[in-house]
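In what follows, a single structure is set out as structure tokens and then discussed.
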Amino acid sequence: GENVEQHPSTLSVQEGDSAVIKCTYSDSASNYFPWYKQELGKRPQLIIDIRSNVGEKKDQRIAVTLNKTAKHFSLHITETQPEDSAVYFCAHSGGYQKVTFGTGTKLQVIP
Amino acid sequence: GAGVSQTPSNKVTEKGKYVELRCDPISGHTALYWYRQSLGQGPEFLIYFQGTGAADDSGLPNDRFFAVRPEGSVSTLKIQRTERGDSAVYLCASSPGQGTYEQYFGPGTRLTVT
């Protein structure tokens, strides 16, 4: 199947703390794993992605890890700021194909 | 450069009517995708174009939905005999292709069927 499970569905953290969102997928053919941030009423925005030949990728305060054997991947946000508050979606695809999205995590960063 | 654009931004229509939603991808992007997003959920795949042809239309819910991309750029999503359950935000995304998988989304069209 192509489903992807994402948790938690909601997450509240104090400003400056870290936030971790985890996803599990089932399609062995998936080789591309993007993460999107969506603010209320706005379009999904690609924030980071990782391909299956890489185990970890970091971009400033954001990092993603991938365990292809276990079929799970995670988003880590360090030193959270109020502007990080949004809904985050994990996703996966076979590359040029359709992207299957998770159910979303609503992150609230409390000042 | 200009991002993905979609028109209209909002569309209200009566049950049973026909609607067309337009997507202008980023210039030069060969791949174009349509998704549908209901409130509180993630985007759900509808159809994917590579150039002018539909490479994967497995996400179209039924034969009331159809999409075209006649010149390999602009795409139109067409919905016949609209139903209240079609109400959602319809998102378009484009991707460069050629070894790049990133998809960039447009602002969406909010469709409301009354």
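Just so it is clear, none of the values below were taken in a lab; they were calculated from the coordinates. Remember, predicted model here, so these are calculated numbers, not experimental data. With ideal geometry, Cβ positions are generated from the backbone for all residues, glycine too; neighbour counts draw on all protein chains shown.
Things to note:
- Phi angles across segment B:29-39 convert, under the Karplus curve 6.51 cos²θ - 1.76 cosθ + 1.60 with θ = phi - 60°, into 3J(HN,Hα) values of 6, 8, 9, 9, 10, 10, 10, 10, 10, 8, 4 Hz, Gly and Pro given as x.
- Of A:Leu40, B:Leu91, the sequence from fewest to most neighbouring Cβ atoms within 10 angstrom is A:Leu40, B:Leu91.
- Anisotropy class of segment A:40-111 from Cα gyration tensor, a/c 1.5 cut: oblate
- Exceeding the 32 Å Cα-Cα cut-off - candidates A:Lys37/B:Lys78; A:Lys22/B:Lys11; A:Lys58/A:Lys106; A:Lys98/B:Lys17: A:Lys22/B:Lys11
- Among the residues of B:95-103, the average count of other protein chain beta-carbon atoms within 10 Å of the residue beta-carbon is 4.
- Loop-located trypsin sites (Lys or Arg not before Pro) across segment B:28-114 with a Cβ neighbour count of 12 or fewer within 10 Å are B:Arg81, with loop assigned by DSSP.
- Selection from A:Ser12, B:Ala55, B:Thr82 lying farthest towards where the dipole of the protein assembly as shown points positive, charges on Cβ: B:Thr82
- Going from the fewest other Cβ atoms within 10 Å to the most, the residues B:Ile47, A:Ile62 appear in the order A:Ile62, B:Ile47.
- Relative contact order of segment A:1-105, defined on C-alpha pairs under 8 angstrom at six or more residues apart (%): 36 percent
- Peptide-level mean, for A:41-49, of C-beta atoms on other protein chains within 10 Å: 5
- Prolate/oblate/rounded label for the protein assembly as shown (Cα gyration tensor, a/c 1.5): prolate
- Other-chain or far-sequence residues with amide H under 5 Å of B:Leu46's (modelled H): B:Trp34, B:Tyr35, B:Arg36
- Neighbouring partner chain Cβ atoms per residue of B:34-47, average, 10 Å criterion: 4
- Here the Gaussian network model covers chain A, with springs between Cα atoms less than 10 Å apart; of A:Gln14, A:Gln81, A:Gln60, A:Gln60 fluctuates the most.
- Going from the residue with the fewest nearby Cβ atoms within 10 Å to the one with the most, B:Trp34, A:Trp35 rank A:Trp35, B:Trp34.
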